[in-house]
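Novice: Handing you this structure, nothing more for now.
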């Protein structure tokens, strides 16, 4: 986390739902259990992971109202984790007790673009940012966004949302959840992994087209997608249909981080062709697991990934052919 506090309440959530923010908090709670007193979960639904020995504060039907009431009596420092700019607006309406420090991380990579779209949002976000003692930024773009809101340098802290995986948590691959993956491994067939929200910025369909061309050329390789989160662009059903049309493409919905990483660790490569990103935790995970990675150069990436332009799908083809360990005809 990097924030100077010996007793913190983390506000956000833990899986489920599965996502970058919830997975980060889940890992943070396990790795910083000496400092984190509790996790205040804003997502009341879903099957929650055990984050023992950290206390898990569950909310009722109205999580923000529950948070409001909790903060009226909170004496510990608060570490807020939100996805985007709206998180700054939420801070405007929450009570802050004297002597309590607030820390904040926004995990979305498009903060600046969101602020530039609305003067009203920008003004309200600036007011929300003033209430925070320290803000962690994940990329130069995020830093620029906070500076444009008037946040002083001494209140900004460079940080990462990447917390390395404990290998013991991801072994072995769950045969019941991923029978296809185990069959690929037995047959020594290469598979490559993509992941993320079912949105256009991830370019899932564009990556699929690369593989469709390779399948036409006779390459017996697999493309495995892990999706989660909101279908904000309304393309999830299209993605499912397109991936279901070919036996070489497979997708999984809402798999938790440990299951995803178990499959990633045995893959031939990870592909992340986002047009917008803040860091790409899965990129860092793949590199540390020894998995080859190709990713776009739209943000600072974990060292060791092959970086390309967002439209360079020729490089994706070359990457797949380089790390493909099997060639055959379908």
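The values are calculated or read from the model by the stated rules, or taken from the named source; none is laboratory data. The shown structure was predicted, so the numbers you read here are calculated from the model rather than taken from an experiment. Ideal geometry is used to build each Cβ from the backbone, glycine not excepted, and the neighbour counts take in all protein chains shown.
Novice: Could you tell me which of the residues 74, 60 is touching a residue at least 60 places away in the same chain (Cβ under 8 Å) and either farther than 27 Å from residue 258 by Cβ or exposed (fewer than 13 other Cβ atoms within 10 Å of the Cβ) (or both)?
Specialist: Matching residue, one of 74, 60: 74.
Novice: Among what's in the range 150-165 and is crowded, with 19+ Cβ neighbours inside 10 Å and touching a residue at least 40 places away in the same chain (Cβ under 8 Å), pick the residue that is farthest from residue 262 (Cα to Cα).
Specialist: Per the criteria, the residue is 161.
Novice: For the range 262-330, which fully contained strands (runs of 3 or more DSSP E) count at least 3 residues that are in contact with a helix residue (DSSP H, G or I) (Cβ under 7 Å, 6 or more places away or on another chain) and modelled with pLDDT of 90 or more?
Specialist: Fully inside the range 262-330 and qualifying: 269-272, 293-296.
Novice: Now for a separate question. Would you check which residues across the range 93-140 are in contact (Cβ under 8 Å) with a residue 60 or more places away in the chain, in a loop (DSSP other than H, G, I, E, B) and touching a strand residue (DSSP E or B) at 6+ places or on another chain (Cβ under 6 Å) and list them?
Specialist: Within the range 93-140, 101 is the sole residue that qualifies.
Novice: OK, next. Go through the range 266-284 residue by residue and tally those that are under 13 Å from residue 194 (Cα atoms) and touching a strand residue (DSSP E or B) at 6+ places or on another chain (Cβ under 8 Å).
Specialist: 11
Novice: Which of the residues that make up the range 5-57 are part of a loop (DSSP other than H, G, I, E, B), touching a residue at least 40 places away in the same chain (Cβ under 8 Å) and out of contact with any strand residue (DSSP E or B) (no Cβ under 8 Å at 6 or more places or on another chain)?
Specialist: Passing the criteria: 15, 16, 17, 18, 19, 49.
Novice: Can you find a residue in the range 218-238 that is farther than 30 Å from residue 82 by Cβ, in the same structural domain as residue 297 (by TED's automatic domain parsing) and in a helix (DSSP H, G or I)?
Specialist: Within the range 218-238, none of the residues are farther than 30 Å from residue 82 by Cβ, in the same structural domain as residue 297 (by TED's automatic domain parsing) and in a helix (DSSP H, G or I).
Novice: So in the range 58-92, with the set limited to residues that are out of contact with any strand residue (DSSP E or B) (no Cβ under 8 Å at 6 or more places or on another chain) and within 30 Å of residue 274 (Cα to Cα), which one is modelled with the highest pLDDT?
Specialist: Within the range 58-92, the match that is modelled with the highest pLDDT is 89.
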